[in-house]
Amino acid sequence: MKQYKINRFKAESPVMATFFIIALFISIYFFPNFRWLAFLGFPIFFVFYLVLSKLKLAFFKRNTFLTTDTDGVRYCFHLYQQPRFLRWDQVDKVNYQLYEINFRIKETGEIISFQKGYFANTEEMDAFCEEIKLYCETM
């Protein structure tokens, strides 16, 4: 079993966007009534985000991972995603794009994309591509 490092900042970006949207709506809602307190929404939510992130509470206790073994690929790229498993025998072909790696599934023709930006560094991505070449046919 080989495990690859995932960029944690990229994995937390959906959670950051959620905190930003909530802070924006709270600021807009409170602006006419509490003019100065409305502008405190963003700093308060930023501190709240930092505390949750530092203490690893709520969504932040979840792990992001990408592992391969002889059975297939197990992955969870961001904090909102549930862990998934892709067996090597399900993959029809693999297509390498500039920013992503696409797996085409045999039965359904569905495309599963792995963004290259989720890897912590290019060496991890190259090692993953070499592992794919052992088990899958490329386009």
Open item on the list: Suppose we filter K10, K5 for residues that are under 16 Å from the mean Cα position of the chain (by Cα), closer than 21 Å to A127 by Cα, among the basic types (K, R) and buried (at least 16 other Cβ atoms within 10 Å of the Cβ); which single one remains?
Closed with: K10
Open item on the list: Checking the condition in contact with a Lys or Arg (Cβ under 9 Å, 6 or more places away or on another chain) and at pLDDT 95 or above, which residue from F77, F103 passes?
Closed with: F103
Open item on the list: Suppose we filter segment 59-70 for residues that are more than 16 Å from the chain's Cα centre (by Cα) and either surrounded by fewer than 12 Cβ atoms within 10 Å (Cβ to Cβ) or hydroxyl-bearing (S, T, Y) (or both); how many remain?
Closed with: 2
Open item on the list: Which of the helices (runs of 4 or more DSSP H) found entirely inside segment 1-108 contain at least 2 residues meeting this: charged (D, E, K, R)?
Closed with: 8-11
Task: Residues of segment 71-90 satisfying the condition of being of a type in the set (F, W, Y), within 18 Å of F103 (Cβ to Cβ) and under 19 Å from the mean Cα position of the chain (by Cα) - done: Y75, F77, F85
TODO: Kindly indicate whether F128 is surrounded by 12 or more Cβ atoms within 10 Å (Cβ to Cβ), within 16 Å of K2 (Cα to Cα) and not hydroxyl-bearing (S, T, Y).
DONE: yes
Task: Contacts under 8 angstrom Cβ, first residue in segment 79-99 being over 22 Å from G109 (Cβ atoms), partner assigned to a strand (DSSP E or B), 6 or more apart - done: Q82/C76; P83/F65; P83/R74; P83/Y75; P83/C76
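The values are calculated or read from the model by the stated rules, or taken from the named source; none is laboratory data. Remember, predicted model here, so these are calculated numbers, not experimental data. For neighbour counting, all protein chains shown are included, and Cβ atoms are generated from backbone atoms with ideal geometry for every residue, glycine included.
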